[in-house]
Every structure is written in structure tokens, then in C-alpha cells.
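Contents: one structure, followed by commentary.
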Amino acid sequence: MRIGTWNLDGRWSDRHAAVLTSLACDVLLLTECPENAELPSYASHATTARIPGEKHRHWAAIWATEPVTPLPDPHPASASVRIGDLTFCSSVLPWTLASAQWPWGPADHVGRVEEVLDALAETLGGGATVWGGDWNQPLAGNISGFSRAAQVSIAAALERHGMTAPTAEMSGRSTGQFSIDHVAVPRGWMVREVGRIVVEPALSDHDAFWVDVSVPSGC
């Protein structure tokens with residue numbers, strides 16, 4: 001199974017469609033997804049909530065080549081679906097300078113991150129689950145401009161739910177830093193390959209990432 005993630009930055013065009021098609025993913029965990037975005041070969045589900053001031057932009061969405069069963073949003077900035085026996089969750093996590101653009105939880109950044117992680121706990125801990133999206137946080141290396149405490153909180157959540165993020169040491173858009181966009185899978189799954197597509201800035205300020213995994217029988 002190949003799972004991808006990309007922050008569309010609220011934009012959509014034939015060139016965006018071409019990037020997503022080139023990922024050749026079975027499941028796409030998308031963020032900042034405009035409501036007019038679609039690929040004919042994918043079923044989709046998006047968050048009910050829209051980004052403040054961007055009424056046509058969903059916080060997160062999940063697209064899949066197989067039929068999806070939508071689940072209630074575990075947090076307004078996260079979408080969740082069932083595909084067969086697996087659960088998938090796509091999230092935007094708070095960023096350090098979000099201020100009023102993040103209308104939930106406490107005022108402090110780490111408190112906001114932990115509030116989201118608490119809201120996602122039932123989804124992430126409810127069986128075989130894949131979680132990804134724009135977490136707004138490198139999980140390793142240089143974190144200048146980010147939060148060490150938020151990094152620790154996310155790492156603890158992954159550990160608590162038996163997950164690993166193969167994207168943790170993928171190069172990100174910022175020089176000298178690892179990605180802030182991630183895909184996490186159950187720790188027992190075999191990760192065959194991890195990849196990145198460098199995207200033109202005119203399309204998005206995020207690159208696209210994918211993880212190829214072997215799903216154990218019985219999942």
C-alpha cells in the first residue's frame with residue numbers, strides 16, 4: 001500500500017492533479033484542500049470545518065482508490081475514514097504563530113498541540129490506524145522556529161499508540177530541516193520505501209511525500 005500526504009495550500013489546477021497522480025498512492029492524506037479538488041479515480045471525505053477566512057478550504061481530506069466510510073471528525077482540523085479494516089486520519093496540527101487562525105483549545109502552542117492529540121487519542125488508539133498530514137513540526141534534527149516541547153508531545157503520542165513516522169528524516173522545504181508533513185503507520189508494518197516529490201512554489205509551499213508499506217494479513 002502506498003500512502004501520500006500533501007498540503008495543497010488551498011489551490012487546485014491540472015498541475016496539482018498531475019502531482020497527486022504521479023504519487024500513485026492508494027490513499028492520500030491531504031491538508032488545506034480546496035472544495036473543488038478532485039480526481040475521478042478517488043473517493044474522498046473532508047472535514048466539515050473550513051479554515052477561518054477561507055470558506056472554500058477544508059482543513060483536511062482523505063482520498064482513496066477504494067470506497068471510504070466517513071467517520072466523525074475527531075477534531076475540527078482532522079478527517080477520518082475507514083477503508084476495509086483500517087482507519088485513516090488526516091490532520092493539521094497547530095503551528096507556532098497560528099494565533100486566532102487556530103480557534104480551538106488554549107492560547108499557548110504546546111497546549112493546543114496536546115489538546116489535538118487528546119482529541120485524536122480514540123481514533124489513533126482504536127486498532128490499525130494510519131495518521132498523517134501537516135503536523136507543522138519536524139520530528140528530528142534542527143527545529144529552529146518550531147517547538148521542542150511540541151515535538152516531544154507528538155513523539156509521545158506516536159509511542160503511546162504504537163506508531164512510527166517513516167517521514168521523520170525526509171528533507172523538508174526549509175533548507176537544513178526535516179519535513180513538517182508526515183505519514184505515521186503501525187510500528188509492526190514493514191516500510192518498503194519513503195519518497196518525496198519537490199513541488200514548484202507556485203503550486204504549494206509544501207512538498208509531497210509518500211510511504212510504501214506492506215500491510216500485515218489480518219489488518
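Bear in mind these aren't lab numbers, they're just calculated from the coordinates by the rules spelled out. Remember, predicted model here, so these are calculated numbers, not experimental data. Methodologically, a virtual Cβ is constructed for each residue, glycine included, from the backbone with ideal geometry; neighbour enumeration extends over all protein chains shown.
Below are the figures for this structure:
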read-out	value
Cα-based shape type of the stretch 92-200, given that a ≥ b ≥ c are square roots of the gyration tensor eigenvalues and the cut on a/c is 1.5	oblate
By average C-beta atoms within 10 angstrom, highest first, the peptides 151-163, 59-71	59-71, 151-163
For the stretch 186-206 versus the stretch 101-133, the gap between their alpha-carbon centres in whole angstrom	21
Label-point separation in nm, residue 17 to residue 164, each point 7 Å along Cα→Cβ	3.8
Ascending count of other beta-carbon atoms within 10 Å, so fewest first, for 38, 32, 114	38, 114, 32
Farthest positive-ward along the chain dipole, Cα basis, beta-carbon charges - from 206, 21, 103	206
Approximate spin-label separation residue 56-residue 104, in nm, with each point projected 7 Å along Cα-to-Cβ	2.5
Estimated FRET transfer efficiency (residue 97, residue 66; beta-carbon r; R0 30 Å; 0.05)	0.20
Estimated 222 nm signal from helices in the chain, with DSSP H stretches of n ≥ 4 weighted -39500 (n - 2.57), rounded to 500	-5500 deg cm²/dmol
Whole-Hz couplings from phi, Karplus 6.51/-1.76/1.60, listed for the stretch 135-144; x for Gly and Pro	8, 6, 7, x, 9, 7, x, 5, 10, 3
The chain: most fluctuating residue of 20, 117, 39 per GNM, C-alpha cutoff 10 Å	39
Diffusion constant of the chain at 37 °C, which comes from Stokes-Einstein with the Kirkwood Cα-pair radius and 0.692 mPa s, µm²/s	193
Förster-model FRET efficiency, 45 Å R0, residue 38 and residue 187, C-beta, rounded to 0.05	0.85
Radius 15 Å from Cβ of residue 9, net charge of other residues (Lys, Arg +1; Asp, Glu -1)	-3
Span-like helix ranges in the chain, DSSP H, alpha carbon extent 27 angstrom or more, Kyte mean at least -0.5	none
